[in-house]
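The values are calculated or read from the model by the stated rules, or taken from the named source; none is laboratory data. As the structure is a computational prediction, the values presented were derived from the model and not from experiment. Note that each Cβ is placed from the backbone with ideal geometry, even for glycine, and that neighbours are counted across all protein chains shown.
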Amino acid sequence: MKLAIASGKGGTGKTTVAVSLALGLAAIDAASAPLFLDCDVEEPNAALFLRPEITARRDVGLLIPVVDMARCTACGRCAAVCEYHAITVIGKQVLVFPELCHGCGSCTRQCPESAIHEELNVMGTLEYGRAETIEFYHGTLNVGEAMAVPVIRQLKAWAIPPDVDNRPVILDAPPGTSCPVVETMRGADAALLVTEPTPFGLHDLRVAVEVARDELGLPVAIVVNRDGVGDDGVDAYCAAEGLPILLRIPLERAIAEGIAHGASLVDIRPEYQSKLAELWKAIAELL
């Protein structure tokens with residue numbers, strides 16, 4: 001099962017839940033150790049908790065068009081087929097804007113003079129390692145790059161084998177509900193949304209549910225973090241929408257201090273190991 005763990009807003013404890021769930025599953029037995037992908041390529045931080053030994057690294061990016069002006073006739077066909085306006089023809093000059101290019105290759109294939117070839121524009125790096133029995137992958141977007149989606153897409157393609165169906169896969173999504181979150185969720189079997197019982201938490205949870213359940217058609221379950229603060233708005237919303245709340249994590253100083261020092265929830269509160277295993281089973285039953 002491939003489970004995307006997401007949240008409508010940052011700071012809800014999404015990575016705390018993702019890392020703790022991975023450790024909880026790995027503690028059951030080696031066969032249940034998950035594949036863990038940190039898909040928050042703009043600010044990956046799961047490695048701070050899992051502490052993997054990185055053993056493989058590769059550059060990733062998009063194939064960007066390069067124009068051979070000796071062959072180009074400035075016919076404008078490349079600009080006409082580019083949906084993203086990443087290439088344009090002005091007089092006899094052809095201008096390419098790499099920051100707008102999505103690497104679709106249409107301009108290269110459509111050029112009647114075969115005057116365009118593609119070169120890799122490196123946008124970030126992917127890394128692989130092991131945290132004991134957990135196989136760990138994450139990506140890092142280079143500073144100044146605007147598009148995280150291509151790095152996430154290539155991270156998933158590198159990390160998830162075609163025959164992964166019988167193995168737990170945890171995808172730690174970026175915060176929010178923008179394109180990188182959608183790309184992380186795409187292809188998952190279910191979504192676990194982490195929220196907090198506050199008006200802000202409820203507002204962003206509604207949007208996250210719209211993306212995961214209503215747009216992508218994923219079964220959705222909820223984790224309420226910092227339980228005991230705020231109000232009952234999240235509970236009322238989940239009840240009205242038929243969304244199961246599978247775990248509640250209380251607002252406790254000991255938990256906050258432990259996480260601040262790089263400990264996981266199962267390190268701080270060992271009793272959550274069995275709770276997280278039950279959470280995984282409950283999500284499997286939703287499918």
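With (1) surrounded by fewer than 16 Cβ atoms within 10 Å (Cβ to Cβ); (2) in contact with a strand residue (DSSP E or B) (Cβ under 6 Å, 6 or more places away or on another chain); (3) not small (G, A, S) as the list, and V207 as the residue in question, which single condition is left unmet?
Every listed condition holds for V207 apart from (2).
Within the range 1-101, which helices (runs of 4 or more DSSP H) (wholly inside it) include 1 or more residues that are aromatic (F, W, Y) and at positive phi?
So the answer is none; nothing clears 1.
Sort through L251, L243, L192 and tell me the only one that's modelled with pLDDT of 95 or more and either within 14 Å of T12 (Cα to Cα) or not assigned by TED's automatic domain parsing to the domain that holds V19 (or both).
None of the others qualify; the one that does is L192.
To keep it simple, each residue is scored yes or no on (1) buried (at least 18 other Cβ atoms within 10 Å of the Cβ); (2) over 30 Å from S264 (Cα atoms).
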{"site": "G76", "(1), (2)": "no, yes"}
{"site": "C101", "(1), (2)": "yes, yes"}
{"site": "P112", "(1), (2)": "no, yes"}
{"site": "R130", "(1), (2)": "no, no"}
{"site": "I134", "(1), (2)": "yes, no"}
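Just for helices (runs of 4 or more DSSP H) wholly inside the range 137-252: which have at least 1 residues that are within 17 Å of the chain's Cα centre (by Cα) and either under 21 Å from A284 (Cβ atoms) or without any contact (Cβ under 8 Å) to a residue 24 or more places away in the chain (or both)?
149-159, 179-185, 199-209
Identify the single condition in (1) within 23 Å of the chain's Cα centre (by Cα); (2) at pLDDT 95 or above that P65 does not satisfy, given that it satisfies every other one.
Status for P65: all satisfied but (1).
Scan the range 161-204 for residues that are of a type outside the set (D, E) and surrounded by fewer than 17 Cβ atoms within 10 Å (Cβ to Cβ) and jot them down.
Once the filter is applied, which keeps residues that are of a type outside the set (D, E) and surrounded by fewer than 17 Cβ atoms within 10 Å (Cβ to Cβ), the range 161-204 yields P161, P162, V164, N166, R167, S178, C179, R186, G187, P199, F200, H203.
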